[in-house]
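Bear in mind these aren't lab numbers, they're just calculated from the coordinates by the rules spelled out. Worth saying up front: this structure is predicted, and the values here are computed from it rather than measured. All Cβ positions, glycine included, derive from the backbone under ideal geometry; neighbour counts span all protein chains shown.
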Amino acid sequence: MADQQIRFDDGAAYEQLMGIWSRKAGDVFLDWLAPSRGLRWIDVGCGNGAFTELLVERCAPIEVQGIDPSEGQLAFARSRRAAGPVSFHQGDAMALPFPAGGFDVAVMALVIVFVPEPKKAIAEMVRVVRTGGTVATYMWDMLGGGFPLDPVHIEMRAMGLAPPRPSGMDASRMEALRQLWTDAGLEAVETREITVQRTFSGFDEFWAINLKAPSIAPIVAAMESAQIELLQSRVRARLPEANGGGVVCQGRAHAIRGRRPK
């Protein structure tokens with residue numbers, strides 16, 4: 001199957017599948033950014049608000065604007081309990097609906113490979129931050145085995161199946177991110193790797209949650225039961241056991257930050 005754009009429209013399903021992962025990686029990302037309190041933020045590709053909620057809890061912003069193309073995801077984001085100066089809007093990462101220079105920080109959490117033209121999105125993030133403002137992102141290492149869905153995807157491909165992939169996979173490489181930030185004219189560009197892990201109560205929980213992925217569910221639904229059992233056995237063999245029971249899955253992300261020149 002050819003690479004293609006993948007959209008997440010079910011905010012509740014995304015929360016179980018990827019929201020937990022987003023906050024785990026987001027905690028490390030925010031530790032690294034170490035932002036001041038009382039800043040104005042824009043969260044580009046905010047999805048169901050998992051990272052948005054985290055930055056409100058941790059960074060005491062005076063304003064957060066979340067932008068995402070999926071109204072289903074935004075509906076879930078608006079239902080979150082986190083209080084704070086947050087607004088969510090349906091919009092395009094490549095054409096942000098805000099004037100220039102209105103934010104201190106522009107972030108994009110686990111999104112860049114899903115944007116059709118990453119250069120346009122980064123240029124927009126640079127445009128809407130003030131001089132001296134920060135532009136930053138983190139994204140799973142999609143080509144280096146860091147995507148949390150890889151245990152299933154890898155075994156699918158080994159069985160001749162072809163789960164769809166986002167068209168912008170190359171943008172997850174550290175070298176590609178650094179080039180994007182440099183080409184956008186950002187200064188003081190820094191990168192780091194983020195490694196996190198998630199423990200599931202057992203394989204059944206892991207499997208049920210991963211079946212919420214739009215890259216997995218339709219393919220499994222079309223498989224014969226014997227094929228599904230074979231796929232499950234192959235995936236189970238890839239997952240290490242957790243101390244005290246359960247299974248462990250690991251994710252690895254690349255993070256980058258830069259400053260808009262003064």
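Just a few scattered comments:
- Between 0 and 90°, nearest 10: helix 174-183 axis offset from the chain longest Cα axis: 20 degrees
- If R0 equals 41 Å, the separation of the Cβ atoms of R130 and A221 corresponds to a calculated FRET efficiency of about 0.30.
- Sites I228 and T182, calculated FRET efficiency, Cβ-Cβ separation with R0 41 Å, nearest 0.05: 0.35
- For S87, the shell of other residues with beta-carbons less than 10 Å away shows a net charge of 0, using +1 for Lys and Arg and -1 for Asp and Glu.
- Reach of K24 by Cα under 19 Å, taken over aspartates and glutamates that are not fewer than 8 positions away in the same chain: E15, D43, E53, E57, D141, D150, E193, E205
- As a ratio to 2.2 N^0.38 Å, the alpha-carbon radius of gyration for the range 125-262 is 1.30.
- Partner lysines for K119 [C-alpha distance under 22 Å; skip if fewer than 8 residues away on the same chain]: K262
- With viscosity 0.692 mPa s and temperature 37 °C, the Kirkwood radius over alpha carbon pairs of the range 11-108 converts through Stokes-Einstein to a diffusion coefficient of 246 µm²/s.
- In straight-distance terms, cross-link reach from K120 covers every one of the aspartates and glutamates whose alpha-carbon lies under 12 Å from its own, apart from those fewer than eight places away in the same chain; here that gives D92, D183.
- Rg then Dmax, both in Å and based on the Cα atoms of the range 182-262: 19.1, 61.
- Calculated mean residue ellipticity at 222 nm for the chain: -10000 deg cm²/dmol, from DSSP H runs with n ≥ 4 weighted as -39500 (n - 2.57), summed, divided by the residue count and rounded to 500.
- Globularity ratio of the chain, using Cα Rg and 2.2 N^0.38 Å: 1.01
- C-alpha long axis of helix 225-238 to longest principal axis of the chain, angle in °: 60 degrees
- Length-normalised contact order of the chain in % [C-alpha pairs under 8 Å, at least 6 apart]: 22 percent
- In this simple spin-label model, placing a label point 7 Å from the Cα along the Cα-to-Cβ direction at both L239 and A162 gives a separation of 2.8 nm.
- Rounded to 10°, Cα long-axis angle of helix 20-33 versus longest principal axis of the chain: 40 degrees
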